1. What would the Debye formula give as log10 I(q)/I(0) at q = 0.12, 0.17 Å⁻¹ for the alpha-carbon point model of the chain, no solvent?
2. Could you pull out the trypsin sites (Lys or Arg not before Pro) across the stretch 116-149 that fall in loop regions by DSSP (anything but H, G, I, E, B) with no more than 13 other Cβ atoms inside 10 Å?
3. Tell me, in nm to one decimal, what length is gained between Glu241 and Gln65 on full extension, where the rule is 0.36 nm per residue of separation less the Cα-Cα distance?
4. Setting aside same-chain residues fewer than 8 positions from Lys31, which aspartates and glutamates have a Cα under 18 Å from its Cα?
5. May I ask you to sort Tyr197, Tyr91, Tyr60 by Cβ crowding, counting other Cβ atoms within 10 Å and putting the fewest first?
6. Please give the direction-averaged projected area of the C-alpha convex hull for the stretch 116-189, in square nanometres with one decimal.
7. Ordered by residue, what ³J(HN,Hα) values in Hz, to whole numbers, does the stretch 231-236 give under the Karplus form 6.51 cos²θ - 1.76 cosθ + 1.60, where θ = phi - 60° and Gly and Pro are x?
8. Compute the FRET efficiency between Lys90 and Gln47 as 1/(1 + (r/R0)^6), taking r as their Cβ-Cβ distance and R0 = 22 Å, and round to the nearest 0.05.
Amino acid sequence: MPATLPNRIPESESRVSKGHISSEVHEVQNKERLIVALDVSTAAAAQKIVAAVGDSALTYKVGMQLYTAEGPRVVRELVASGRRVFLDLKYHDIPHTVGAAVAEAAKLGVSMLTVHAAGSEKMLRAAADAAKANPQLVLLGVTVLTSLGEDDLEKTGVRGSLKDSVVRLASLALENGCGGIVTSAREAPAVRAKLGYEFPIVTPGVRPAGSNVGDQVRVVTPAEAIAAGVSHIVVGRPITEAADPAAAARAILEEMAG
């Protein structure tokens, strides 16, 4: 069975987030903090990436692209192989529909699952109740996508600063049963200051220093993410499109340690 993810950041990890660096924590925890995004269209391509990365990562993100192409089979295969799966489908619908979807996802044995925090208290509670079927599952509330800036939010009718929106949605998610949140590392310090260190923060849009940011807006490096109080980072193309994915993953682990 795959190992479970923590529902909180251990005290040793929170000290790292606050600047008190422990080499032992870095060595043991950084590999567990790295999530490799399998943003590909076939199970064969995903399996090739997993094999190439080897033991440099333990957790893999299955998102909309791969799940739509291959369905739950690819998730079952990853879980059966001992990998952790971050199922990133960002459910956002009426409470009954989301609850039913989360119940099905819980049966797959995934370690992490996303829902949009903006879906309302009722939706979040329905998702949290359904997630209880798998005690190992960490339900994550997505706050503001890392591809969005303040201008984007304003055009959708959201007033106030982006940081305030993230903190508000994070609070809503945690108060209604989510075990953690998803946000950019740029807002993580504000979230930690307001809501504490007792839950994981997963951050996509992480790019190694000097790499192409692609379609992301609020981008940080691996080291910046960890320093900001993030517990897990999601990295895709810099690893999966590298000539040597294992070496790319190790380089990111070194950046995290730095």
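1. Log-scaled intensity ratios, in q order: -0.66, -1.41.
2. On the way: sites: Lys122, Arg125, Lys132; in loops: Lys132.
Sites meeting the loop and neighbour criteria: Lys132.
3. Working: separation 176, 0.36 × 176 = 63.36 nm, distance 1.61 nm.
Working it through step by step, the gained length comes to 61.8 nm.
4. Correct list for Lys31: Glu11, Glu13, Asp55, Glu224, Asp244, Glu254, Glu255.
5. Values: Tyr197 19, Tyr91 22, Tyr60 25.
Least crowded to most crowded, the residues run Tyr197, Tyr91, Tyr60.
6. Values: hull surface 20.2 nm².
Taking a quarter of the hull surface, the average projection is 5.0 nm².
7. The phi angles translate into 9, 9, 10, 10, 10, x Hz.
8. Working: r = 24 Å, r/R0 = 1.09.
After rounding to 0.05, the efficiency reads 0.35.
Any read-out appearing in this document is the output of simple, stated calculations on the displayed coordinates, not a laboratory observation. Please read all numbers here as calculations on a predicted model, not as lab measurements. Heads up, the Cβs are rebuilt from the backbone with ideal geometry, glycines too, and the neighbour counts pull from every protein chain shown.
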